[in-house]
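Trainee: Input: one structure, supplied below.
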Amino acid sequence: MFCDQCGLHLQMGQTHCVRCGKAAAGLPEYGRNRVREHVRLVGILWMAYSSLHVMVGVAALFVSKFVLVWVNRIPNGPPPEVMEWLPALVSTAGWLILVKAALGFAVGWGLLQREEWARTFALVLAFVALLSVPIGTAIGIYTLWVLLPAQSEREYRALAAAA
């Protein structure tokens, strides 16, 4: 790492330049670590995955409000008993999917901004996403691989403190 004012080479752990006195920009320690390299991608993946959920949630709301009403008018269509509860069920599922999308967007934004709460929130959503085969499972496993180990917690806290 180098001082961005005078260009002097800084040693690991050095927080100020010995030549000009300027505070070192970035993290005091450098080197490769799993969280620093992957947290941005995890945040982007959560936002992309949540975009898919928005499309599915809006589609479910559309089906509950328009398609099921049209299906109800078809002669010899579904039994009236089913049509009493099916639109409400599909609508509720659509809203729950939209809530999950909003939580995913919050996690993605939090990880990109390196918020302290985002790691814990991402781990919870990763466990939930494991049940959504195949995309949710892949994102959940990747999130757990990046953020779950104890070393990752220390690395993420350091990143969040530096942000």
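Trainee: For residues that are in a helix (DSSP H, G or I) and either open to solvent by 70 Å² or more (accessible area, probe 1.4 Å) or farther than 25 Å from A158 by Cβ (or both), tally how many sit in segment 117-143. Steps first, please.
Mentor: Pass one, segment 117-143, residues in a helix (DSSP H, G or I): 118-129, 135-143.
From the residues that got through so far, the ones that are either open to solvent by 70 Å² or more (accessible area, probe 1.4 Å) or farther than 25 Å from A158 by Cβ (or both) too are 120, 124, 127-129, 135-138, 141.
Here the count works out to 10.
Trainee: Next up: So in segment 27-37, with the set limited to residues that are open to solvent by less than 80 Å² (accessible area, probe 1.4 Å) and part of a helix (DSSP H, G or I), which one is modelled with the highest pLDDT? Show your work before the answer.
Mentor: Step one: of segment 27-37, the residues open to solvent by less than 80 Å² (accessible area, probe 1.4 Å) are 27-29, 31, 33-36.
Keeping just the survivors that are part of a helix (DSSP H, G or I) gives 34-36.
Numbers: R34: 84, V35: 91, R36: 88.
Looking at the filtered set, the residue picked out is V35.
Trainee: Another one. Residues of segment 144-161 being part of a helix (DSSP H, G or I) and surrounded by 13 or more Cβ atoms within 10 Å (Cβ to Cβ), which ones?
Mentor: Going residue by residue through segment 144-161, those that are part of a helix (DSSP H, G or I) are 144-147, 150-161.
L144, W145, V146, L147, S152, E153, E155, Y156, R157, A158, L159, A160, listed by residue number.
Trainee: Follow-up. Among what's in segment 119-130 and is under 9 Å from the mean Cα position of the chain (by Cα) and free of Cβ contacts under 8 Å to residues at least 24 places away in the same chain, pick the residue that is nearest to W145 (Cα to Cα).
Mentor: A126
Trainee: Here is a further query. Mind listing whichever residues of segment 103-140 are closer than 27 Å to A162 by Cβ and either in contact with a Lys or Arg (Cβ under 6 Å, 6 or more places away or on another chain) or of a type in the set (A, V, I, L, M) (or both)?
Mentor: Within segment 103-140, L103, A106, V107, L111, L112, A118, A122, L123, V124, L125, A126, I139 meet the criteria.
Trainee: For A24, which of the numbered conditions (1) open to solvent by 70 Å² or more (accessible area, probe 1.4 Å); (2) modelled with pLDDT under 85; (3) among the hydrophobic types (A, V, I, L, M, F, W, C) fails to hold?
Mentor: So the condition that A24 fails would be (1).
Trainee: From the list R40, R114, which residue is crowded, with 17+ Cβ neighbours inside 10 Å, charged (D, E, K, R) and under 20 Å from the mean Cα position of the chain (by Cα)? Spell out how you get there, then give the answer.
Mentor: On the way: R40 fails: crowded, with 17+ Cβ neighbours inside 10 Å.
It is R114.
Trainee: Among all residue pairs at least 6 apart or on different chains, which show Cβ distances below 6 Å where the first residue, located in segment 71-95, is more than 24 Å from V58 (Cβ to Cβ) and the second is assigned to a helix (DSSP H, G or I) and open to solvent by less than 70 Å² (accessible area, probe 1.4 Å)?
Mentor: Pairs found: G77/V71.
Trainee: Name the pairs: first residue in segment 1-17 and free of Cβ contacts under 8 Å to residues at least 12 places away in the same chain, second residue open to solvent by 40 Å² or more (accessible area, probe 1.4 Å) and basic (K, R), Cβ to Cβ under 8 Å, at least 6 apart or on different chains?
Mentor: H16/K22
The values are calculated or read from the model by the stated rules, or taken from the named source; none is laboratory data. This is a predicted model, so every value here is computed, not measured. Every residue, glycine among them, receives a Cβ derived from its backbone with ideal geometry; neighbour counts consider all protein chains shown. Surface areas here come from the heavy atoms of the whole protein model, side chains and all, with no ligands, DNA or RNA. Shrake-Rupley method; radii C 1.70, N 1.55, O 1.52, S 1.80 Å.
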